Amino acid sequence: MTATAAPPTLWLDSPTQYGRISRILHWSMALLFLWQFTGMVLKVTLGLHPRDSWLLGTHAHVGFVLMVLMVLRAIWAIANIHRRPSYGTGFLARCASLGHAALYLLMLLVPLSALVRSWASGRGFNLFNTIPVLSPGTATPAIGQFINGTRETLGASIHGLLGWLLLLIIVGHIGMVILHHWVWKDGTLHKMLGRKA
Ligand code: HEM
Ligand code: HEM
């Protein structure tokens, strides 16, 4: 018995649905974001510290993996730009495209701001405590202070603020998907589940 290989078009995006690569990237990253935000919500609500919890101790490492996946995803999105489902025209279509652009921008800025802070503090960063990404060095206080903000003015770090903003936009994104799929019944969710919209 011979196994039939999937046609290459299933891996690429098409005007009616996102292809396998886009879907794998979308759903695996959604799971990793769930991990990140569950940890951070527990940190602020229960006061957990990275030393006390495995969920929080993995935060920087999972965050770095997400940044790498985000770069690959952006390259894949650009390569498929003329193939993937179009946003259409009108106000809602414009909002959807702006919303996705904001998600992409924050998916990059959130981990990047944390890495710049690690570099500026001179702490360095070892991925999974083995692969050196940033070597420890001299602290650069001016940048570190800018990225951290001050408790009096911003009340939290730029990384934290952007992180919570990202969560807010993700909640809006999921809300819109629910509206599209269950209220307007236009098959939006099918595009990301591999069925024709
Ligand atoms: C896309 C990936 C990431 C997301 C969504 C994310 C999100 C967050 C959020 C929401 C907070 C909570 C801030 C608060 O306490 O109010 C936080 C804190 C923190 N993150 Fe991330 N983060 C990511 C990547 C990273 C990376 C790559 C690093 C390190 C290189 C990192 C290091 C930290 C540290 C040390 C804190 C605790 C200190 C602080 O409040 O800023 N994060 N993160
Ligand atoms: C339960 C969670 C989620 C559901 C049900 C969901 C559903 C969807 C659906 C149905 C689409 C296609 C929309 C369209 O083309 O009109 C989509 C696209 C998209 N989603 Fe989500 N999503 C979820 C979580 C996330 C998360 C956590 C992120 C990122 C932080 C995200 C980022 C995006 C982006 C950037 C797109 C545009 C297509 C792409 O470039 O991948 N989604 N999502």
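Only the coordinates and a few stated rules stand behind these numbers; no lab work does. Keep in mind that what you see is a predicted model, and the values were worked out from it rather than measured.
Under 5 Å between amide hydrogens, built in the peptide plane, is the criterion, and for G194 it picks out Y18 among residues at least 5 positions away or on other chains.
The 3J(HN,Hα) values that the Karplus relation (6.51, -1.76, 1.60; θ = phi - 60°) gives for the range 74-79 are, in residue order, 5, 5, 5, 5, 5, 5 Hz. Gly and Pro appear as x.
Would you work out if the range 28-111 is rounded, prolate or oblate? Take a ≥ b ≥ c from the square roots of the eigenvalues of the alpha-carbon gyration tensor; rounded if a/c is under 1.5, else prolate when a/b is larger than b/c, oblate otherwise.
prolate
Put the Cα centre of the range 14-41 next to the Cα centre of the range 157-197 and the gap is 11 Å.
Multiplying the residue separation of V133 and A77 by 0.36 nm and removing their Cα-Cα distance gives an extension gain of 17.6 nm.
If you stretched the chain out fully between A93 and I143, how much longer would it get, using 0.36 nm times the residue separation minus the C-alpha to C-alpha distance?
14.2 nm
Taking amide H as placed 1.01 Å from N in the peptide plane, the amide H of W11 sits under 5 Å from that of R20, each at least 5 places away or on another chain.
Per the Kirkwood formula applied to alpha carbons, the chain shows a radius of gyration over Rh ratio, Rg over Rh, of 1.03. Distances between placed amide hydrogens fall under 5 Å for V133 paired with F125, N126, L127, all partners being 5 or more residues away or on another chain.
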